[in-house]
Amino acid sequence: MERISVFDMLKIGVGPSSSHTLGPWRAAERWIKELKDTNDFNLITSINIDLFGSLSLTGKGHATDYAVLLGLSGADPEYVPVNHIQSIIDDIKNTNTLDFDGQRAIVFSTDQIKFNKEFLPFHSNGITFTGTKLDGSIVSSTFYSIGGGFVVKEDDNILNETDSSSNIPYPIQRAKELLEYCQKEEKNISDIVLLNETAIRSTKEVDRELRRIWDTMLECMYIGCHTEGFLPGGLNVRRRAYDLHEKLKKNAQYTAPSDWIESIRDTEVKFREILKWVDCFALAVNEVNASLGRVVTAPTNGSAGVIPAVLGYYLAIENHEANFNQIKQFLLVAGEIGSLFKKNATISAAMGGCQAEIGVSSAMAAAALCELLGGSPAQVLIAAEIAMEHHLGLTCDPIGGLVQIPCIERNSMGAIKAINAAELALDSNPEFVKVPLDKVIDTMWETAKDMSLKYKETSEGGLAIAVNIADC
């Protein structure tokens with residue numbers, strides 16, 4: 001497995017799904033690059049897109065068709081104004097014209113995106129781009145969106161551990177290795193991760209990008225808490241973060257996200273209010289995600305609310321003196337824990353159910369919070385293990401293929417479990433712990449492989465069939 005950076009695990013993109021929206025978007029960008037590399041880009045006269053497996057079965061609810069069109073149009077998911085997305089799509093539909101990478105107008109109908117229910121052997125999320133050239137010949141490429149915005153081709157060369165580790169001081173494949181580095185060097189997990197990150201980029205760049213990630217998370221929470229109404233998609237789900245925030249903020253005064261957290265520190269902090277603030281933060285992020293807003297995959301879009309909710313809890317309630325140093329520490333630990341699951345299991349609900357999304361995000365948040373609260377490296381890994389242990393077997397069964405029910409509430413539950421897992425770990429003696437993190441990661445992967453396909457982001461089982469979208 002190639003080296004995975006914190007910035008691979010925490011990506012900025014547009015909702016509602018990292019595997020079904022951001023992944024296909026990036027796949028379209030990658031196909032364009034292939035065409036340019038082979039000098040075929042200017043020869044393409046028509047384009048067809050085939051979606052397979054889970055990308056097809058829940059593609060409409062996840063806006064996969066939108067994502068493909070946006071990617072082919074040259075829009076960047078990190079920077080495109082989200083209020084321009086619908087107009088870009090409408091222009092394509094109304095004119096039957098695609099502005100290919102923003103450079104060439106090509107006749108195109110949305111009927112040229114085909115939703116195929118069959119699964120390709122390599123992965124559940126397959127997408128094939130086919131271009132016809134001036135001479136009538138065909139060029140085609142198939143990509144796979146493997147979760148968290150990661151995109152691969154079947155013939156991609158995956159570096160072995162030796163090759164991928166040559167440029168970092170602490171190559172890490174398993175949690176056991178991470179702990180050994182920490183104990184040998186007498187450093188925290190965040191210290192080890194930072195040394196690996198600064199081996200390939202400057203400290204200034206690391207800080208700048210981590211600030212951008214946190215700013216995006218904070219803005220997302222802020223927008224969600226200040227936007228009322230109903231979510232798009234047909235389920236008529238009413239936004240809940242706005243009403244909850246109105247009750248919680250009381251007389252708090254603020255003008256922007258930057259002083260919003262400061263204002264929360266002055267509110268009542270009884271146990272119930274703390275729970276509600278965590279719920280509010282998590283709901284806010286995933287309501288923004290569900291409405292094609294910009295979020296941070298952490299490690300996926302469907303689980304994007306857990307980490308900002310737990311970090312928001314720490315900043316607003318637990319430590320009023322916290323600053324960017326603690327934010328940086330939190331994100332470094334969270335990213336590394338997520339990478340362990342990515343390397344040894346999966347972060348794709350299409351492969352492993354919701355345990356691969358909410359379970360992983362809860363483990364990431366639990367570990368990061370545990371370190372901020374003074375936990376040793378061993379206790380940090382215990383926190384991650386506890387959080388995942390109690391998400392094992394969690395299925396993915398979105399009603400109507402939308403990342404709304406039960407996905408939004410699951411972020412609140414994942415955040416609360418993360419906080420509790422961190423506290424349990426802090427009171428745990430590593431000498432007496434029976435289940436190491438590596439074992440629970442392996443168990444999660446075995447559970448994923450045994451799980452029925454209908455519980456893996458296909459909307460063919462669970463709540464997705466128990467509740468009819470027409471009844472909503």
For the range 205-267 the mean separation of alpha carbon contacts under 8 Å (6+ apart) over residue count, i.e. relative contact order in percent, is 23 percent
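With +1 on each Lys and Arg Cβ and -1 on each Asp and Glu Cβ, and nothing else charged, work out how big the dipole of the range 161-471 is about its Cα centre, in Debye to the nearest 20.
Numbers: 30 positive and 42 negative charges, 101 e Å.
Its charge dipole is roughly 480 debye.
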PRE zone check, label point 7 Å out along Cα-to-Cβ of residue 137, amide N under 17 Å, scope the range 20-44, hits 34-44
Once both label points are put 7 Å beyond Cα along the C-beta direction, the residue 203-residue 104 separation in nm becomes 4.8 nm
For the residue 319, residue 36 Cβ pair and Förster radius 56 Å, calculated FRET efficiency rounded to 0.05 is 0.70
The range 168-184 scanned against label point 7 Å out from residue 442 along Cα→C-beta; backbone N under 12 Å for 175-176
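Work out the length of the dipole vector of the range 14-152 about its Cα centre, built from +1 on the beta-carbon of each Lys and Arg and -1 on the beta-carbon of each Asp and Glu, and round it to the nearest 20 debye. It would help to have the intermediate numbers written out before the result.
Working: 10 positive and 15 negative charges, 47 e Å.
About 220 debye.
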Under the rule rounded for a/c under 1.5, else prolate if a/b exceeds b/c, else oblate, using alpha carbon gyration tensor axes a ≥ b ≥ c, the chain is classed as prolate
extent check for the range 366-472: Cα max minus min per principal axis, descending, whole Å, gives 52, 26, 15
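A 19 angstrom limit on the alpha carbon distance is what I want to check against. Which of 176/328; 176/342; 204/328; 247/276; 187/439; 247/417 exceed it? Before the final figure, lay out the partial values.
On the way: 176/328 23 Å; 176/342 16 Å; 204/328 12 Å; 247/276 10 Å; 187/439 23 Å; 247/417 23 Å.
Over 19 Å apart, Cα to Cα: 176/328; 187/439; 247/417.
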With Cα coordinates, the longest principal axis of the chain makes an angle with the long axis of helix 271-290, in degrees rounded to 10, of 10 degrees
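For every helix of n ≥ 4 consecutive DSSP H residues, a contribution of -39,500 (n - 2.57) applies; sum these over the chain, divide by its total residues, and give [θ] at 222 nm rounded to the nearest 500 deg cm²/dmol.
So the calculated ellipticity at 222 nm is -14500 deg cm²/dmol.
Set the Förster distance to 30 Å, then compute FRET efficiency between residue 118 and residue 228 from the Cβ-Cβ distance, nearest 0.05. It would help to have the intermediate numbers written out before the result.
On the way: r = 41 Å, r/R0 = 1.38.
Plugging the Cβ-Cβ distance into 1/(1 + (r/R0)^6) gives 0.15.
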Taking only the alpha-carbon positions of the range 14-152 as identical scatterers, the Debye log10 I(q)/I(0) at q = 0.21 Å⁻¹ comes out as -1.35
Taking alpha-carbon centroids only, the range 408-472 lies from the range 286-345 a number of Å equal to 17 Å
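Taking only C-alpha pairs under 8 Å that are 6+ residues apart, what is the relative contact order of the chain in percent? Write down the numbers at each step before the final one.
On the way: 940 pairs, mean separation 87.2, N = 472.
After rounding, I find 18 percent.
In Å³ and rounded to a whole number, note down the convex hull volume per residue for the Cα atoms of the range 14-78. Walk me through the numbers on the way to the answer.
On the way: hull volume 5.2 nm³, N = 65.
Normalising the Cα hull of the range 14-78 by residue number yields 80 Å³.
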Relative contact order as a percentage, the range 14-152, C-alpha pairs under 8 Å and 6+ apart, gives 38 percent
Ranking 467, 97, 404 by how far each Cα lies towards the positive end of the charge dipole of the chain (+1 on Lys and Arg Cβ, -1 on Asp and Glu Cβ), the top one is 467
The number of Lys pairs in the range 14-152 whose alpha carbons lie under 22 Å apart, excluding pairs fewer than 8 residues apart on one chain, is 7
Karplus ³J(HN,Hα) for the range 206-213 (6.51 cos²θ - 1.76 cosθ + 1.60, θ = phi - 60°; Hz, whole; x = Gly/Pro) runs 4, 5, 4, 6, 5, 4, 5, 5
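Values quoted throughout were computed directly from the atomic coordinates according to the rules given, and no laboratory measurement underlies them. On a predicted model such as this, the values are computed, not experimentally measured, just so you know. Ideal geometry is used to build each Cβ from the backbone, glycine not excepted, and the neighbour counts take in all protein chains shown.
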